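To start, the structure under review is shown below, and the notes come after it.
The values are calculated or read from the model by the stated rules, or taken from the named source; none is laboratory data. Predicted model only: the values in this text are computed from it and were never measured. Cβ sites come from the backbone with ideal geometry, for glycine too, and all protein chains shown count toward neighbours. Side chains included, ligands, DNA and RNA excluded: accessible areas come from the protein's heavy atoms. Shrake-Rupley method; radii C 1.70, N 1.55, O 1.52, S 1.80 Å.
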Amino acid sequence: MKLFQKKADGSQDGLAINRISKKANAVLNTVFLLWALACVLPLILVVIVSFSSEQSIFENGYSFFPSEWSLDAYEFFFKLGDQLIRSYGITIFVTVVGTLFSLTITAMFAYVLSRKDYAYNRLFTLLMLFTMLFNGGIVATYMVNTQLLGLGNSIWSLILPMSLNAFYVIVLRTFYKSIPIEIIEAARIDGAGEFKTFFRIVLPLSKPGLATIGLFTTIAYWNDWFLGMLYIVDQKKYPVQTLLWSMQNSLEFMKQSSANALEYAEMAANAPTDSGRMALTVLVVLPILLAYPFFQKYFIKGLTVGGVKG
């Protein structure tokens, strides 16, 4: 108590608290700076190693300062020609269409569950929560998608199985509940129906939440390789993640993509290993990394909504 009673004008108190605050800020800034470096430096190292020669990696290991720079890893992968471009096109299509489709059904389903006056609110909420705890397994899912729905070796097999996530529905439903019910009631009094209220009132107010879910969904579609491995038979329909996974795990794919055996032998002999893995990582991460700044503003607001009540 002496710290706060020493002077009536509080000058000493202010100085002491200010000194403590500066020290605490310095410590926190240092901690966060080290944490940021711990997150960024591995990515920088991956980029540098991808431009390093195999000989440099063999002699010095992974280093921020390689003894020799090289583009061999990227030249090696771009020898696939139109296959790499085609796979990127498939991945972009799946990511864009899948994200839009997933956001549409997630937003509509979450809005229905957020309305307390919906008669089957409890039933559908329980069904949704049930899917978070139990599922039929890979075999049952594969049988349903390939034999019942006929999605085998189809681009839609990369979109539909991931189109609805129960966790995202719960997050968006919670976001909808933060919208004052008076706004919805006012729209109803003005003669707006449910669809008009949803599309003209609720969705514009939900941009931060939609952007947050959209970012998570975009990353999930972009990074997915398992569905391509599971459902796609034709290698020309491989998304880029499945393509790169195949290239990394088996040279047999390059043999099938090559024009002849001599080309395969040359590619196999010159195939980069360590730098090639890092180049694969850069090719996969860079596009989604460039897209993140466009979501950042809404992403932060969507995560912090409801944190302050007023």
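Things to note:
- The lone exception for residue 1 - which of (1) at pLDDT 85 or above; (2) among the hydrophobic types (A, V, I, L, M, F, W, C); (3) open to solvent by 90 Å² or more (accessible area, probe 1.4 Å) it fails: (1)
- Any chance residue 56 is more than 23 Å from the chain's Cα centre (by Cα), over 30 Å from residue 178 (Cβ atoms), hydroxyl-bearing (Ser, Thr, Tyr) and not in a helix (DSSP H, G or I): no
- Condition met for residue 8 (of a type outside the set (Lys, Arg), out of contact with any helix residue (DSSP H, G or I) (no Cβ under 8 Å at 6 or more places or on another chain) and modelled with pLDDT under 85): yes
- Residue 224 without any contact (Cβ under 8 Å) to a residue 12 or more places away in the chain and either acidic (Asp, Glu) or within 22 Å of residue 131 (Cα to Cα) (or both): no
- Subset of segment 61-82 [part of a helix (DSSP H, G or I) and touching a helix residue (DSSP H, G or I) at 6+ places or on another chain (Cβ under 6 Å)]: 73, 74
- Any pair with Cβ under 6 angstrom, 6 or more apart, that starts in segment 35-58 at a residue that is within 12 Å of residue 278 (Cα to Cα) and ends at one that is among the hydroxyl-bearing types (Ser, Thr, Tyr) and open to solvent by 60 Å² or more (accessible area, probe 1.4 Å): 49/62
- Residues in segment 49-64 that are over 17 Å from residue 75 (Cβ atoms) and either out of contact with any Leu (no Cβ under 7 Å at 6 or more places or on another chain) or of a type in the set (Ser, Thr, Tyr) (or both): 58, 59, 60, 61, 62, 63.
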